[in-house]
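The next block holds one structure in the form of structure tokens; read it before the comments.
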Amino acid sequence: MLGAIVGDIVGSRFEFSCQPEDGSYCEFTMPPETGFEFLSSDCFFTDDTVLTVAICQALTETGGNPASLPRRVVELFCEYGSRYPLAGYGTRFDEWLHNPHRKPYMSHGNGAGMRVSGCAYAAETLEEALLLSDLVTGVTHNHPEGMLGARAVTATTFLARQGKSKEEIRRYIVENFYPLDFTIGEIQNDYWKGRGLGTCGNSIPQALQAFFESTDFESAIRLAVGLGGDTDTLGAMVGAPAGAYYGVPDETAEKVETYLTEDLRKAIAGFESSFSL
Ligand SMILES: [Mg+2]
């Protein structure tokens, strides 16, 4: 879960880094230079961190009880949303936050995948992790692709945390979620020019493939963020399984704390102590 926060913060400064010369709006983010500084002074936390922490707090408070978890997630999304109104939420999520009815809106945006990693730590079995993923995702991203994407990130993170090998985890993901029939090298040059990079189907397979090709925690995040596109969210979605598999290096964990606010740090600490991380 801390891995997702590191990935978000590393990717934050590259989002929307494409600025056409004519000054027009550009939805793409160009890939950062190879060998970019990992945690620079320009980095910051975004909605990916805020909503990851909100879900962790909901899991802490409810113990993952299916009867109360979804409602608490909605309440905490609203609380955190008003505490951090400019964290960079997607347009539709922002509308949902400000709509008193707050009904799920069939989203398949990659918001489903970037915020869900706490479920992998709050569960004792894969089935339980997937159930928690469904409960926290269905409040907004109830499109089948949204639910599937969140499950894929949760499952990869859970199995990594269980000490499964990358080969075993990859096989499970290919059999149940995405074919992963490409390498990061093959898509490196053109990925960022594509469309719909903020959807689950066009970003979660890429983030997971970066994890499977990585050699350590940092290289996983570099491979995903280095694709460009929705860089902070790619970072969060690769950072979750990478943190579970390799562990977040102490130095990185200490440094990333300096980007967070006191209440975010407190909620993370509460989650870690209630689930003995
Ligand atoms: Mg973001």
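The values are calculated or read from the model by the stated rules, or taken from the named source; none is laboratory data. Keep in mind it's a predicted model, so treat the numbers as computed, not measured. Cβ coordinates were reconstructed from backbone atoms using ideal geometry, including for glycine residues, and neighbour counts include every protein chain displayed. The protein model used for the area step is the full one, side chains on, heavy atoms only, and it has no ligands, DNA or RNA in it. Shrake-Rupley method; radii C 1.70, N 1.55, O 1.52, S 1.80 Å.
Mind checking which pairs have a first residue in segment 43-65 that is in contact (Cβ under 8 Å) with a residue 40 or more places away in the chain and a second that is within 14 Å of the ligand (Cβ to nearest atom) and open to solvent by 20 Å² or more (accessible area, probe 1.4 Å), Cβ under 7 Å, 6 or more apart or different chains?
Listed by first residue and then by second, the contacts come to Cys43/Arg13; Cys43/Tyr259; Phe44/Tyr259; Phe45/Tyr259; Thr46/Gly88; Asp47/Gly88; Asp47/Tyr89; Val50/Tyr84.
Identify the single condition in (1) part of a helix (DSSP H, G or I); (2) polar (S, T, N, Q); (3) loosely packed, with under 15 Cβ neighbours inside 10 Å that Asn189 does not satisfy, given that it satisfies every other one.
Of (1) part of a helix (DSSP H, G or I); (2) polar (S, T, N, Q); (3) loosely packed, with under 15 Cβ neighbours inside 10 Å, only one is false for Asn189: (1).
From Ala267, Ala155, grab the single residue that is of a type outside the set (Lys, Arg), at negative phi and touching a residue at least 40 places away in the same chain (Cβ under 8 Å).
Going through Ala267, Ala155 in turn, the sole match is Ala267.
Is it the case, given these coordinates, that Gly196 is in contact with a Leu (Cβ under 6 Å, 6 or more places away or on another chain), open to solvent by less than 60 Å² (accessible area, probe 1.4 Å) and modelled with pLDDT under 95?
It is false that Gly196 is in contact with a Leu (Cβ under 6 Å, 6 or more places away or on another chain), open to solvent by less than 60 Å² (accessible area, probe 1.4 Å) and modelled with pLDDT under 95.
Take the residues of segment 34-53 that are open to solvent by 30 Å² or more (accessible area, probe 1.4 Å) and at negative phi: which is farthest from the ligand (Cβ to nearest atom)?
The residue in question is Thr34.
Inside segment 90-128, can you point out the residues that are surrounded by fewer than 21 Cβ atoms within 10 Å (Cβ to Cβ) and within 16 Å of the ligand (Cβ to nearest atom)?
Gly90, Thr91, Arg92, Phe93, Asp94, Leu97 - these are the residues of segment 90-128 that are surrounded by fewer than 21 Cβ atoms within 10 Å (Cβ to Cβ) and within 16 Å of the ligand (Cβ to nearest atom).
Is there a residue being outside any helix (DSSP H, G or I) and either within 16 Å of the ligand (Cβ to nearest atom) or modelled with pLDDT under 95 (or both) anywhere in segment 7-14?
Yes, that holds for at least one residue.
Looking only at segment 54-72, decide whether some residue is open to solvent by less than 50 Å² (accessible area, probe 1.4 Å), closer than 22 Å to His143 by Cβ, within 14 Å of the ligand (Cβ to nearest atom) and at pLDDT 90 or above.
Yes: one or more hits.
One residue is enough: does segment 224-231 have a residue meeting the conditions open to solvent by less than 10 Å² (accessible area, probe 1.4 Å) and among the hydroxyl-bearing types (Ser, Thr, Tyr)?
For segment 224-231, residues open to solvent by less than 10 Å² (accessible area, probe 1.4 Å) and among the hydroxyl-bearing types (Ser, Thr, Tyr): present.
When you go through (1) within 30 Å of Thr91 (Cβ to Cβ); (2) of a type in the set (Asp, Glu); (3) open to solvent by 30 Å² or more (accessible area, probe 1.4 Å) one by one for Glu168, which number turns out not to apply?
Result: Glu168 passes all but (1).
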